[in-house]
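The values are calculated or read from the model by the stated rules, or taken from the named source; none is laboratory data. What you are looking at is a predicted structure, and each value in this text was computed from that prediction instead of being measured. Methodologically, a virtual Cβ is constructed for each residue, glycine included, from the backbone with ideal geometry; neighbour enumeration extends over all protein chains shown. In case anyone asks, the SASA skips ligands and DNA or RNA and just uses the protein heavy atoms, side chains included. Shrake-Rupley method; radii C 1.70, N 1.55, O 1.52, S 1.80 Å.
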Amino acid sequence: MSTIELHLFRIKFIKPKQGLLFNNNWTPANIFKSALEEKPSIEFREDHIWHIGNLQTLDNSGGSFAVGRTTKTTVAKYDLETGNFIEEYFEESPYTLCLYDLNIGLIAIAKKSKLAPTTNGIAKKLNKLLSASKSVRENDINIKIDIISDPEGFIQKIKSSYSLKKFTSHFTGPNPFDADELFQKPLSVYCQAINGDKGQVLVEGDSLDTDVAISIAKSSASTGNEASANIVSYHGGTVKKINLKGDPVKRSYKEEEFKMEVALNEMRLEYQRVRG
């Protein structure tokens, strides 16, 4: 029985230091939508062209599209009429389904091993496709598409630890979709001011506040960023490092029961769960 397995990603539109984004009426959602509607194509190597297509609106801020690769090759065949072996031109275009939410900046990519070994590999190609669109290039936007790691295991280890000794959290430049006043927003502004691409904050102590660490872990996961912690599991125990980065948030569906509208709403709920 065939299944559709969706992996959740966060798309980030990082504006430049001297940004053009707010010099007109375009919002990040406008740019996201326009980039998809352009249906860009890129030839990454000879006879291997990636495309965006099958764009469909599902509700006010969400929809679906397909991303895939056209491969041109030749196939050796035997012609019964002539009694000769011949080379016949052949074109194959495997593709996969993606769901999106313009207002949140979410993309769910269906796993397709024929297209790429991992959904992260597909996301990298999608990143380059969207980056090639006119709307992104004209606004000088840097796009990042990162896996939303499920933070539950990481959080439970912090909660159950005897003490939290070190906490490291990562950030990037300003992403207009984010509104985390405590951590992501001020540090992303700092990253932009110093003309950086990414950074990290490391805090050490005898017993760090786990509630604050968990809050930042959720924020980091929901924005596709990383975090790590050094914990002591029990009194007298040794320090052990744990990482937030791991398996992506994912959902599986039986192909014959799959409904895009339902999956889109469940994708949004998964994001809200991660964000907390």
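For this structure, a couple of remarks:
- Filter result (within 20 Å of LYS111 (Cα to Cα), out of contact with any Leu (no Cβ under 8 Å at 6 or more places or on another chain) and modelled with pLDDT of 90 or more) within the range 3-48: THR3, GLU5, HIS7
- When the criteria are applied in full, GLY173 meets the requirement of being of a type in the set (Gly, Ala, Ser), modelled with pLDDT under 90 and in contact with a Ser or Thr (Cβ under 7 Å, 6 or more places away or on another chain).
- Taken together, GLU270, GLU261, GLU256 contain a single residue that is outside any loop (DSSP other than H, G, I, E, B), exposed (fewer than 10 other Cβ atoms within 10 Å of the Cβ) and at pLDDT 90 or above, which is GLU256.
- Looking only at residues in the range 52-86 that are of a type in the set (Val, Ile, Thr) and surrounded by fewer than 16 Cβ atoms within 10 Å (Cβ to Cβ), the one that is farthest from ALA263 (Cα to Cα) is THR82.
- Scanning the range 187-208 for residues that are open to solvent by less than 40 Å² (accessible area, probe 1.4 Å) and in contact with a helix residue (DSSP H, G or I) (Cβ under 9 Å, 6 or more places away or on another chain) turns up GLY196, GLY199.
- Scanning the range 57-116 for residues that are within 15 Å of ILE4 (Cβ to Cβ), charged (D, E, K, R) and more than 15 Å from the chain's Cα centre (by Cα) yields LYS112, LYS114.
- Members of the range 107-157 found to be assigned to a helix (DSSP H, G or I) and within 14 Å of LYS245 (Cβ to Cβ), listed by number: ASN120, GLU152, GLY153, PHE154, ILE155, LYS157
- Check on GLY63, under 19 Å from LYS124 (Cα atoms), of a type outside the set (A, V, I, L, M, F, W, C) and at pLDDT 85 or above: no
- From ILE216, ILE194, residue being modelled with pLDDT under 85 and β-branched (Val, Ile, Thr): ILE194
- Matching residues in the range 111-153 - criterion: being surrounded by 22 or more Cβ atoms within 10 Å (Cβ to Cβ), of a type in the set (A, V, I, L, M, F, W, C) and touching a helix residue (DSSP H, G or I) at 6+ places or on another chain (Cβ under 8 Å): LEU130, ILE141, ILE145, ILE147, ILE148
- Cβ-Cβ contacts under 8 Å between residues 6 or more apart (or on different chains), taken from a first residue in the range 88-101 that is at negative phi and in contact (Cβ under 8 Å) with a residue 60 or more places away in the chain to a second residue that is open to solvent by 80 Å² or more (accessible area, probe 1.4 Å) and in a strand (DSSP E or B), are absent.
- When LYS39 is tested against the conditions (1) assigned to a strand (DSSP E or B); (2) open to solvent by 30 Å² or more (accessible area, probe 1.4 Å), the lone failure is (1).
- Pairs with Cβ under 7 Å, 6+ apart, first in the range 190-211 and in contact (Cβ under 8 Å) with a residue 40 or more places away in the chain, second part of a loop (DSSP other than H, G, I, E, B) and open to solvent by 90 Å² or more (accessible area, probe 1.4 Å): GLN192/LYS17; ASN195/LYS17
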